[in-house]
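The values are calculated or read from the model by the stated rules, or taken from the named source; none is laboratory data. All values reported here derive from a predicted model rather than from experimental measurement. For neighbour counting, all protein chains shown are included, and Cβ atoms are generated from backbone atoms with ideal geometry for every residue, glycine included. Accessible surface is based on the protein model in full, side chains and every heavy atom, while ligands, DNA and RNA are left aside. Shrake-Rupley method; radii C 1.70, N 1.55, O 1.52, S 1.80 Å.
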Amino acid sequence: PIQQLLTVFLTLSQDEIWGVHKACCDSLVPVSAAVSAEARSTQLVPLFEKMAEDQSRWVRNAAFQNLGPFIATFTDGRVDPKLLMFYRTMPH
């Protein structure tokens, strides 16, 4: 079931409509909390990077609004350095 959730989530994140991308940003934290640490690192971190550079400012804003809670889902202490870079350079 978790793998199916992740598959659907990743598919939706590729949708052409920016509102779907934003909804994925808003759902990133609960999805991240539900998946394995490996899936979080190998699939969700690259997805966050893509959303943080999305053409829509609404998607980018939603990505950065969820960055701190997303980082908090890395409970094993191994936060991807790219996420920390995004956090340190986040617009205020």
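For the chain, the solvent-accessible area of protein heavy atoms averages 62 Å² per residue (probe radius 1.4 Å; ligands and nucleic acids excluded).
Only helices enter this figure: runs of n ≥ 4 DSSP H residues, each worth -39500 (n - 2.57), summed and divided by the residues of the chain, yield -18500 deg cm²/dmol at 222 nm to the nearest 500. Under the combined filter of DSSP loop state and at most 13 neighbouring Cβ atoms within 10 Å, the range 9-92 retains these trypsin sites (Lys or Arg not before Pro): R78.
Using the Cβ-Cβ distance between T89 and I17 with R0 = 30 Å, the FRET efficiency computed as 1/(1 + (r/R0)^6) comes to roughly 0.60. The chain: D in µm²/s via Stokes-Einstein (Kirkwood Rh, Cα pairs, 37 °C, 0.692 mPa s)? Answer from the Stokes-Einstein relation: 251 µm²/s. Here the 3J(HN,Hα) profile of the range 58-73, calculated from phi with Karplus coefficients 6.51, -1.76 and 1.60 at θ = phi - 60°, is 5, 5, 4, 4, 5, 4, 5, 5, 9, 4, x, x, 5, 4, 5, 6 Hz, Gly and Pro shown as x. For the chain, with all protein chains in place and a probe radius of 1.4 Å, 58% of the accessible heavy-atom surface sits on carbon or sulfur.
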